[in-house]
Amino acid sequence: MTLSTDQKESGRCSVVVLISGSGSNLQALIDCADEGGYSIRAVISNKADAFGLTRAKKAGIPTAHLSHLAFATREEFDSALMDIIDQFEPDLVVLAGFMRILSAAFVSHYAGRLLNIHPSLLPDFAGVNTHQRALDAKVTRHGASVHFVTEELDGGPVIARHSVPVTQTDTAESLAARVLQQEHTLYPKVVAWFAAGELRMTDSVAQHTRIPLPDTQDFD
Ligand code: GRF
């Protein structure tokens, strides 16, 4: 896989998206790419059957599959993954439901240009099963966060959050669906900020040229 001259010279922020599953966030990023001033150069999955690969192909975006099961160590998988990603010369690497813990070498290689979306209002509920944990904790609001990735799992500086109310009748599934809907506007917004040169990470602090971070928006 090599870049065409057109792709290299488009002048838009080039993005590589990593996925493991459905790719609904990927779809939102695809749908908002023109307006957001970025170009998705490739979609890479560690799962061959990830539906996101089908979404990417439909949009004419190059795809790659690299199974972590083919590697003895996390470091070896990450190194092979970096080789594929770097062929596309991305300005930004976007994790969109990529279900892997990343090695220190990977995080360091993409420092300041690696984003993740997490289904909770970070720093609350890092890790898994966030929706059930939010219900168990009886919080009144829950949501999603986009953050720069650092070595600490779900612990990098938070850029933006969207929150929704938690209702008395919510289940983990209903809450997940309401939060996912917000993810689909939150992630393209943040990627567009990066593409516009408005966002950066300096000394592990996220900074926007105009907006105090983390930008937190509540939706009812
Ligand atoms: C989202 O909930 C995201 O926050 C989390 O993984 C899920 C991915 O969903 N990191 P999708 O594959 O984008 O539909």
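With each label modelled as a point 7 angstrom along the Cα→C-beta vector, the ARG100-GLU151 pair spans 1.9 nm. Using all Cα-Cα distances in segment 13-218, what percent lands in each 10 angstrom bin from 0 up to the longest? Result, from short to long distances: 9, 36, 38, 16, 1 percent.
Between ASP124 and SER22, how high is the FRET efficiency from 1/(1 + (r/R0)^6) when r is the Cβ-Cβ distance and R₀ = 25 Å? Nearest 0.05.
Values: r = 24 Å, r/R0 = 0.96.
Step by step, r from the Cβ atoms, then E = 0.55.
Values in this text are rule-based calculations from the coordinates and carry no lab data. Keep in mind that this is a model prediction, so the values were computed, not measured. Backbone-built Cβ (ideal geometry, glycine too); neighbour counts: all protein chains shown.
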